[in-house]
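Working notes, structure below.
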Amino acid sequence: MLSNRQLSRIYATKPAVQYNKLFIAITSAFASCIITSTTSFAAETNSTEKSKINVAPVAVTGNPLGVGSDELVVPVSVLNGRELSLRRESTLGETLNGVPGVTATQFGPNASRPVIRGLDAERVRIMQNGVGILDASSLSFDHAVGIDPLIIEQIDVVRGPAALLYGGSAVGGVVNAIDHRIPTEAVEGIIGRAEARFGGANDQRNGAAVIDIGNGRFAIHADAYKRKTNDLNIPGFAVSRRKSEADGTPRENKGKLVNSDAESDGGALGASLTFDHGYIGASFSTLDNNYGVVAEEDVRIDMKSDRWDIASEFSDLGSVISRVKFRLAHTDYEHQELEGGEVGTTFKNRGLEGSFEAGHAPIGNLTGVIGYQFSNSNFEALGDEAFVPNVNTQNKALYLYEELPITAKGNKPHKITFGSRFGHTTVDSKDSVNFGAGQSNSFNPNSFALGGIYNINDQWSLASNLSHNERAPSYFELYANGEHVATGQFEVGNSNFEKEKSNGIDVQIRWNNGKHHFNFGTYYTRFQNFIGLFDTGNIDIPSGLPIAAFQAVPATFKGLEAEGKFVLSDQFTLSVRGDYVHAKDNRNNVYLPRISPLRFGAGLEYQHTQWGAKVDVLHAFNQSNTAQNELATDGYTNVSALVTYKLPTKTHVELFAKANNLLNQEIREHASFLKDISVAGERSLLVGARADF
């Protein structure tokens, strides 16, 4: 139930709360959907809803040939439809946290990037509709990702190396957020969705509306959202007991995470022409996000991002080239760090990224694609806390991906996949007063992979992927040299870095029996020169901050992942999941920092006519395998519950209530840089409604 603190805030809330016109429009549209939908809940409506909302997961990431997730060599998790809607959190990282192999950086409730298999920042490539996002979230943990989950229609998570198709920075994995802002299929009439939610540990008030209008040939898309939260209510103190005992940091501000409130809004307009075998379209989207930085009580970040997208795809073209696909995005990103209301530091990132891909017609049984990917970005840091110079980064790459099915008597066809990527990257810093003369670096990262699926019988299969991956160092790994207040360190880069190289193997055994499925996988990745930020043990005299240097060390990452779903009856479904990561610096034989501990989870879901309910339990064990100068983290058990009710209306309207952290435990994610000064929210209740029409 709602805490006493939350109840008092709700009862004290008045119409004077500053919902802007955009939010009013969203909630009005949502209410209209409910009021005007009074037709009885017929059997055919039930059937329609199942086909519209609970669509079967189809992975569009991880394989350019568009096969389903169970036919992919690499492990892919897909969230979409109703499941995604009920799972949404304030950030992309928290929305995905708990997916097998995925944790989050969790720099407070407003800035959280996904961490995949212990790898984060530049090694996890975040994309929007297949094109990389351009922001500053990988530079610093306090920088939010330039995507809001309220508008996302589907999220694909590729666990493990995906550098062949998506760039050298995808050595850890890929998160592709799909929003359909450019309609890719014909739209007849009006379709859309609306959503609103209130409550939670941060007293959130959120709303979103999405609409598509078309005549079968021309389609227009529009969406808008608004999010507003207060400071996060927490169980106990923000500062951990371990940190207080280690360095004497006082445990203050009990029950509240100071400076963790946020307000954001955004929207988009898109349009496309659809044909029998393709489409061409464009969209413009904008995002504004203003939030507090919990590591500094007087600092806020004011972020703005504008993005133009163009996309086109055509299939069934002929006997040589069967299909072509083109994507292009231009982003103008800026965020200002406000100290006491005054602008202290400004970060800008402007650039262009695109790709062109052509699929060839089958050569015997062989199918595949060849593609060209490019990007050009200009990063600027201006102000007192600019610890990196202005930099231009350019990437160009040619990639090839092929699949060869092999017929097996009595079984489904086996499959062999192989591919390669040949890239060229330049990272050039500019002359500046603080950083001196500009420097130039160029790299030729090349990656290769060989994989396959062996179908033991109609239910069991074995998938494996061998890969060699190379990554060009990022601009901050090369050129950082200054105080990074968000991490409390003086960071030093190394412009003499060479390419980061790694070799890996991924093996999964899969069982699929109609409604039931279970996957178990293991992986091993060895880095020749893993580029990480390590404490040097020295202190920068002027600032008094510890000096941390980017260094290249041999490292090993290995782990286990499992997930399954079992339909127990017409009403009950059981899901299970678990993951484990073990990562070490082989040079010094020490553990790497911020590695998530062993986790197990299970959920029991009930569905009968209009009613639904779910109880989910995730247990994370304590993490004592820590890096130098890193504190251990206690384990926790996070119990959550969900109740839903579908209104007997023509429009598909569903009411829901979510209870989080029912045991009111002190949850500290070990993958978080702020785990010892920030904690997850207290026991809370969130209520909302969603509609599809």
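A few notes on this one:
- The strands (runs of 3 or more DSSP E) falling completely within region 79-135 include none with 2 or more residues that are within 18 Å of Phe557 (Cβ to Cβ) and open to solvent by 20 Å² or more (accessible area, probe 1.4 Å).
- Across region 606-629, the qualifying residues are those that are modelled with pLDDT of 95 or more and aliphatic (A, V, I, L, M), and the one among them that is most open to solvent (accessible area, probe 1.4 Å) is Val615.
- Some residue of region 294-315 being part of a helix (DSSP H, G or I) and either touching a Lys or Arg at 6+ places or on another chain (Cβ under 7 Å) or more than 27 Å from Ser672 (Cβ to Cβ) (or both): no
- Ser240 being surrounded by 21 or more Cβ atoms within 10 Å (Cβ to Cβ), closer than 30 Å to Arg197 by Cα, in contact with an Asp or Glu (Cβ under 8 Å, 6 or more places away or on another chain) and among the small types (Gly, Ala, Ser): no
- Set Ala680, Ala671, Ala689: member being touching a residue at least 40 places away in the same chain (Cβ under 8 Å), over 21 Å from the mean Cα position of the chain (by Cα) and surrounded by 19 or more Cβ atoms within 10 Å (Cβ to Cβ): Ala689
- For beta carbons closer than 9 Å, sequence separation of 6+ or different chains, a first residue in region 629-657 that is under 16 Å from Arg599 (Cα atoms) and a second that is open to solvent by 30 Å² or more (accessible area, probe 1.4 Å) and small (Gly, Ala, Ser), the qualifying pairs are Ala632/Ser624; Thr633/Ser624.
- Among residues of region 142-168, those that are surrounded by fewer than 24 Cβ atoms within 10 Å (Cβ to Cβ), among the hydrophobic types (A, V, I, L, M, F, W, C) and farther than 20 Å from Thr331 by Cβ, counted: 0
- Scope region 379-392; condition out of contact with any helix residue (DSSP H, G or I) (no Cβ under 6 Å at 6 or more places or on another chain), in a strand (DSSP E or B) and farther than 10 Å from Phe347 by Cα; matching residues: Asn392
- Taking the criterion of being open to solvent by less than 60 Å² (accessible area, probe 1.4 Å), of a type in the set (Ser, Thr, Tyr) and under 30 Å from Ala361 (Cβ atoms), the residues of region 403-446 that qualify are Thr417, Ser420.
- Within region 645-668, the residues that satisfy the criterion of being under 19 Å from Gly98 (Cβ atoms), in a strand (DSSP E or B) and open to solvent by less than 30 Å² (accessible area, probe 1.4 Å) are Phe656, Lys658, Ala659.
- Flag for Pro75 being within 13 Å of the chain's Cα centre (by Cα) and either at positive phi or in contact (Cβ under 8 Å) with a residue 12 or more places away in the chain (or both): no
- Flag for Gln154 being polar (S, T, N, Q), within 22 Å of the chain's Cα centre (by Cα) and within 25 Å of Val74 (Cα to Cα): yes
The values are calculated or read from the model by the stated rules, or taken from the named source; none is laboratory data. All of these numbers come straight from a predicted model, not from anything done at the bench. Ideal geometry is used to build each Cβ from the backbone, glycine not excepted, and the neighbour counts take in all protein chains shown. To get the accessible areas, we keep the full protein, side chains included, count just its heavy atoms, and leave off ligands, DNA and RNA. Shrake-Rupley method; radii C 1.70, N 1.55, O 1.52, S 1.80 Å.
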